[in-house]
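The values are calculated or read from the model by the stated rules, or taken from the named source; none is laboratory data. Bear in mind the structure is a predicted one, so any value in this text is a computation, not a measurement. Ideal geometry is used to build each Cβ from the backbone, glycine not excepted, and the neighbour counts take in all protein chains shown.
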Amino acid sequence: MAVYSVQADVEEVIPAKILAQLTDDVNTAKVIDAAIVTAMIAKADNQINTYLRGQHRVVPLTVVPPRIKDMSVILTRYYLYQRRVNLEIPENVRADYDIVISELQLIMKNQLIIDDEASVGNTASYYKTNKTASSRIFDQNDQQNGTLDKYFSKCRILPFR
């Protein structure tokens, strides 16, 4: 079972009184039911893993990038509201859910790469650590033709010819 977020993370975005209303099925919305929160976190994490499976060597992720944690919280919040069939899901909760699903679809298609070490084709950490060098190499105002040739010459790597 993956755990990209925990109840404390959910409590940061849902006030305790509302979280109790969304989870307490017995005591008329007075207590937060941790088992329900945990179940909704598991549901969210399983959905995230479904999208990550094609682009990551190891699922669930062993190191959780901040955006994946945020996605888990957003999906969990949505599922908690969804449990209450008589309650309208707030527009901002629905909009956040839609954004997360679209991002997960982009990740699945390898059009959005999260910054972690499990990604198959991830280069984000390379460019992140070499940001100043790469910004000098790929300067928009550079007058020299052949950006890749300039890159290879600065790195002292000969391009394939």
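Every residue, every condition in (1) surrounded by 17 or more Cβ atoms within 10 Å (Cβ to Cβ); (2) of a type outside the set (D, E), yes or no:
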residue	(1), (2)
E11	no, no
A34	no, yes
R57	no, yes
Y78	yes, yes
E88	no, no
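Return yes or no: is Q47 under 20 Å from K109 (Cβ atoms), surrounded by 13 or more Cβ atoms within 10 Å (Cβ to Cβ) and at pLDDT 95 or above?
It is true that Q47 is under 20 Å from K109 (Cβ atoms), surrounded by 13 or more Cβ atoms within 10 Å (Cβ to Cβ) and at pLDDT 95 or above.
When you scan region 28-48, how many residues do you find that are at negative phi and of a type in the set (S, T, Y)?
1
Listed here are the residues, each with its yes/no results for (1) out of contact with any strand residue (DSSP E or B) (no Cβ under 6 Å at 6 or more places or on another chain); (2) at pLDDT below 90; (3) part of a helix (DSSP H, G or I); (4) of a type in the set (D, E, K, R).
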site: I74; (1), (2), (3), (4): yes, no, yes, no
site: Y78; (1), (2), (3), (4): yes, no, yes, no
site: I99; (1), (2), (3), (4): yes, no, yes, no
site: Q105; (1), (2), (3), (4): yes, no, yes, no
site: N110; (1), (2), (3), (4): yes, yes, no, no
site: Y127; (1), (2), (3), (4): yes, yes, yes, no
site: T132; (1), (2), (3), (4): yes, yes, yes, no
site: K150; (1), (2), (3), (4): yes, yes, yes, yes
site: P159; (1), (2), (3), (4): yes, yes, no, no
